[in-house]
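The values are calculated or read from the model by the stated rules, or taken from the named source; none is laboratory data. What you are looking at is a predicted structure, and each value in this text was computed from that prediction instead of being measured. Backbone-built Cβ (ideal geometry, glycine too); neighbour counts: all protein chains shown.
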Amino acid sequence: MLSKHHLQRDQVEMITLDQLVPANHLVRKMEASIDPVIIKM
C-alpha cells in the first residue's frame, strides 16, 4: 500500500544558492565588491 508520505519522498526539487540567499544579505554585498581576477592569482 502506497502512502502519501512515500509519494512525497520521491519528489526532487532543484534550488540554487541564489534562491536561498536574500538580495540584501551581507554575502551578496561581499560578492559584489570582490574582484574574482584577484582571487585567481
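Among the residues making up the stretch 22-41, those that are modelled with pLDDT of 85 or more, of a type in the set (A, V, I, L, M, F, W, C) and in a helix (DSSP H, G or I) are L26, V27, M30, A32.
Would you mind stating whether Q19 is assigned to a helix (DSSP H, G or I), at pLDDT 90 or above and either among the basic types (K, R) or loosely packed, with under 10 Cβ neighbours inside 10 Å (or both)? Judged against the criteria, Q19 is a match.
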